[in-house]
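The values are calculated or read from the model by the stated rules, or taken from the named source; none is laboratory data. As the structure is a prediction and not an experimental result, all values here were calculated from the model. Heads up, the Cβs are rebuilt from the backbone with ideal geometry, glycines too, and the neighbour counts pull from every protein chain shown. What goes into the accessible areas is simple: the full protein's heavy atoms, side chains included, and nothing from ligands, DNA or RNA. Shrake-Rupley method; radii C 1.70, N 1.55, O 1.52, S 1.80 Å.
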Amino acid sequence: VAKGTDGASGATGAAGRSLIVETRDPISGDGNNGDSFLNRVSMTYFGPKSGGSWGSGTSLLNLPPVIEITAASNTVNVAYGVSKHVVITLQANVEQFLVTDWPASGSLARLTVEVINTGNYTLAWPAGTKWSNGYIPTVTPGNGKEDLYAITTRDGGVSLRGHVIGQNYS
């Protein structure tokens, strides 16, 4: 069988797209339209580049916001689905500390609680919280005293475990 003649050349295909990975955010001269960019230090994704602009980046770390609560009454309510770290500034004794929106059973959840005292105020822990050796900590009294705690659960908030991370930061 004889080979036939070659056909006409086809049109040039579109340029391939690139993922640029650096230790910084992109600058306007980086890449071409359609490319993507990753800051591998902050884990921020940019792109695709369009009209010569990278636009704002998107964090790949899914870091939740820090929620700051001024406790001027006897109740504090925290929605775990909104934040995994709360800062509670005590301006009154807190007798009821409620945490809602824990993830479903089978997922480990950890809420860190930073407490800033503005006097000799107290904080009651969420009902049923168990502490190591049965020791239920009290927040450090005194203006400007800071403590750090964690509350964990793996069963949707049915069982809570409290952990003292540190007290009397000043």
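At-a-glance table
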| quantity | calculated |
| --- | --- |
| Accessible surface of region 87-170, 1.4 Å probe, proportion on carbon and sulfur as whole % | 48 |
| By accessible area with a 1.4 Å probe, ligands and nucleic acids excluded, highest first: order of LEU61, LEU108, LEU19, LEU38 | LEU108, LEU19, LEU61, LEU38 |
| Residues with amide H under 5 Å from that of PHE97, placed H, sequence gap 5 or more | VAL76, ALA127 |
| Convex hull of Cα atoms in the chain, direction-averaged projection (nm²) | 19.2 |
| Nearest-20 debye value, region 27-170 charge dipole, Cβ charges on Lys, Arg, Asp, Glu | 280 |
| Cα-projected label distance for ASN77 with VAL158, points at 7 Å along beta-carbon direction, nm | 2.5 |
| Listed residue (HIS85, THR140, TRP102) projecting farthest to the positive dipole end of region 82-170, Cβ model | TRP102 |
| Once the Cα gyration tensor of region 97-170 is diagonalised, semi-axes √(5λ) in Å | 24, 12, 11 |
| ASN133-GLN167 FRET efficiency (beta carbon distance; Förster radius 25 Å; 0.05 resolution) | 0.95 |
